[in-house]
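Report on the structure given below.
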Amino acid sequence: MPCLDAGAAGFVQKGASGTEIRAAIERVAAGHVYLSPELATLLVNRSARPVAPHTHLSHREMSVLVRLATGLTNAQISDELSLDPRTVSTYRRRVLNKLGLSTNFDLIRYAADHGIVVETPRIDAMTTNPGN
């Protein structure tokens, strides 16, 4: 929430009663944080949502994941990102570990399932004769 990110120590809603405002001021003055009950519930519900593991990947790990998921080899990724092939292999291993996966196929499925890459149509489906 922007106000808390900016350092606010308390938050009451616009229609709060005088009693609630007084309690908030006393709590903040005592060095504590005050959140209206509605806001506290909202924040708890928001933090209870599961977070996808790929959100914890570094920028470089994510770029390697995307390229692996689109079918590039480590050598191709190495060329594209100007990295040593061993470095790409290290990033691949880190991504697999962080996502709890084992193979490149697992990476491709994960990326497709989470909208990181869009599944491409099968080639044989693209070769049908449009006139038939």
Practice task
Would you check if there is a residue in the range 120-129 being exposed (fewer than 14 other Cβ atoms within 10 Å of the Cβ) and at pLDDT 90 or above?
Solution key: no
Listed by range, helices (runs of 4 or more DSSP H) wholly within the range 71-121 having at least 3 residues that are hydroxyl-bearing (Ser, Thr, Tyr) and farther than 16 Å from His54 by Cβ are 85-99
Of those in the range 1-37 that are surrounded by fewer than 14 Cβ atoms within 10 Å (Cβ to Cβ) and within 26 Å of the chain's Cα centre (by Cα), the residue modelled with the lowest pLDDT is Met1
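The values are calculated or read from the model by the stated rules, or taken from the named source; none is laboratory data. What you see is a predicted model; the values in this text were computed from it and never measured. Glycine also receives a Cβ, built like all others from the backbone with ideal geometry; neighbour counts cover every protein chain displayed.
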